[in-house]
Amino acid sequence: VNHPPTGSLAGRVALVTGAGGGIGAATARLLAAEGAAVVVNDLGVALDGSPGDRGAADVVADEIRSAGGEAHADRTDVTDYDAVERLFADTVERFGKLDVVAHVAGILRDRMLFNMTPEEWAAVQQVHLTGLFNLGRQAAAYWRDLGAPDGRYRLITFTSRSGLRGAPAQPNYAAAKMGVVGFTYSCARALARYGVATICICPTADTRMTATMGDRAERPPGSDAGSPDNVARVVAYAAGPDSDWLNGQVIGANGFEVALYNRPAILESVTSDGPWTLADLGRAMDERLRPRAVPPEGLERL
Ligand SMILES: NC(=O)c1ccc[n+]([C@@H]2O[C@H](COP(=O)([O-])OP(=O)(O)OC[C@H]3O[C@@H](n4cnc5c(N)ncnc54)[C@H](O)[C@@H]3O)[C@@H](O)[C@H]2O)c1
């Protein structure tokens, strides 16, 4: 990999969480290859969040440095508010600033709802959603205090088709990932005036997270469409200076396809002159709204 000082992200400083593997690692490598100084954050855990390969962040940061890039390994647990605060202070001290925060870290605790424990619910909210709060909270305060918006700060969030489509055995993960979308919409409106674009990525790539999933995307044999590098390219665009227009958008990255999602909006509505009677409401629902309703995936009728 070349590291031209004139890469598309030269002079920028990026913090990538979950960068010890999968999509986060591919992102950290590409951002560095494009000239950014990268904080490679990873707690180094197994897919379910239990203790794993603690050195994952160090391996990726070493790789980046031996390829001529600038990287610092960090093992902060993104669920720890105080530790994330220290990570921000440390990053700004080390690199002089912070332009891009990408929260890629994630875990899975798949279970049907009727079997799910409170711990399986909470652990998933903690990493995907509370982690995003912890990072976003620091980033927002930092960028606001700079007071000189040049429209180039980036908060990059990660949702999932499991949330958008509602994966049956992932109520915890689906809820967390749709929470990420709401968080993105809120930040997009609140932080634009401080020069921040908040951009949500909906990735699909072959990583350990999808290795056990039945619905791993079908790819032509020998294709590198499943590589996380393909998602990383979309993140690199989002991290760059030309992506202001993506503020508050959800962007799909699946193989060689890049997709723009719509945002939930009213499809059809009925209004009465005053309080509805239940009989009129039932009739209006049946005649006007029901024909427009889109069934959940896999259920051909409502
Ligand atoms: N792979 C896909 O197809 C896919 C699809 C939809 C969404 N996503 C999302 O993309 C992101 C990356 O997924 P991936 O497939 O690369 O997964 P991955 O399991 O390969 O990588 C996730 C990384 O996050 C780290 N991590 C977990 N908890 C952490 C914590 N508390 N603090 C810091 N680091 C922590 C892990 O150690 C791991 O290296 C996740 O948010 C995931 O939900 C992935």
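The residues listed here are G274, G252, G226; of these, the one that is at pLDDT 95 or above, within 16 Å of the ligand (Cβ to nearest atom) and part of a loop (DSSP other than H, G, I, E, B) is G226. For A205, work out the one condition from (1) of a type in the set (G, A, S); (2) in contact with a strand residue (DSSP E or B) (Cβ under 7 Å, 6 or more places away or on another chain); (3) in contact (Cβ under 8 Å) with a residue 60 or more places away in the chain it doesn't fulfil. Every condition holds for A205 apart from (2).
Looking for something farther than 22 Å from L31 by Cβ, surrounded by 14 or more Cβ atoms within 10 Å (Cβ to Cβ) and within 12 Å of the ligand (Cβ to nearest atom) - is there at least one such residue anywhere in region 56-76? Within region 56-76, none of the residues are farther than 22 Å from L31 by Cβ, surrounded by 14 or more Cβ atoms within 10 Å (Cβ to Cβ) and within 12 Å of the ligand (Cβ to nearest atom). Where residues in region 116-145 are small (G, A, S) and closer than 17 Å to C200 by Cα, which of them is surrounded by the fewest Cβ atoms within 10 Å (Cβ to Cβ)? The qualifying residue surrounded by the fewest Cβ atoms within 10 Å (Cβ to Cβ) is A140.
If I go through region 73-119 residue by residue, how many of them are among the small types (G, A, S) and either over 20 Å from L43 (Cα atoms) or in a helix (DSSP H, G or I) (or both)?
Here is the first cut: in region 73-119, the residues among the small types (G, A, S) are 73, 83, 89, 96, 102, 105-106.
Keeping just the survivors that are either over 20 Å from L43 (Cα atoms) or in a helix (DSSP H, G or I) (or both) gives 83, 89, 96.
Number satisfying all stated conditions: 3.
Among residues of region 91-117 that are closer than 17 Å to A73 by Cβ, those with a beta-carbon under 6 Å from a residue that is away from the ligand (no atom under 12 Å from the Cβ) and not aliphatic (A, V, I, L, M) at least six positions away or on a different chain give the pairs L98/T91. Assess whether V39 counts as being more than 8 Å from the ligand (Cβ to nearest atom), surrounded by 24 or more Cβ atoms within 10 Å (Cβ to Cβ) and part of a strand (DSSP E or B). Against the criterion (more than 8 Å from the ligand (Cβ to nearest atom), surrounded by 24 or more Cβ atoms within 10 Å (Cβ to Cβ) and part of a strand (DSSP E or B)), V39 qualifies. Yes or no: V124 within 14 Å of the ligand (Cβ to nearest atom) and either under 19 Å from F158 (Cβ atoms) or assigned to a strand (DSSP E or B) (or both)? Criteria met by V124.
Looking for whichever is closer than 19 Å to C187 by Cα and either in a loop (DSSP other than H, G, I, E, B) or in contact (Cβ under 8 Å) with a residue 12 or more places away in the chain (or both) here; the options are V235, V258, V231. Which one fits?
Values: V258 fails: closer than 19 Å to C187 by Cα; V231 fails: closer than 19 Å to C187 by Cα.
Just a single option satisfies the conditions, and that option is V235.
Let's see how each residue does on (1) surrounded by fewer than 13 Cβ atoms within 10 Å (Cβ to Cβ); (2) within 11 Å of I23 (Cβ to Cβ):
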site: A188; (1), (2): no, no
site: I201; (1), (2): no, yes
site: G222; (1), (2): yes, no
site: S227; (1), (2): no, yes
site: A236; (1), (2): no, no
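Looking at A148, A197, which one is more than 12 Å from the ligand (Cβ to nearest atom), of a type outside the set (S, T, N, Q) and surrounded by fewer than 22 Cβ atoms within 10 Å (Cβ to Cβ)?
Working: A197 fails: surrounded by fewer than 22 Cβ atoms within 10 Å (Cβ to Cβ).
After ruling out the rest, the residue left standing is A148.
Would you confirm whether any residue within region 11-22 is in a loop (DSSP other than H, G, I, E, B) and more than 20 Å from the chain's Cα centre (by Cα)? Yes: region 11-22 contains one or more residues that are in a loop (DSSP other than H, G, I, E, B) and more than 20 Å from the chain's Cα centre (by Cα).
The values are calculated or read from the model by the stated rules, or taken from the named source; none is laboratory data. Only a predicted model underlies this, so the values are computations on that prediction, with no experimental measurement involved. Every residue, glycine among them, receives a Cβ derived from its backbone with ideal geometry; neighbour counts consider all protein chains shown.
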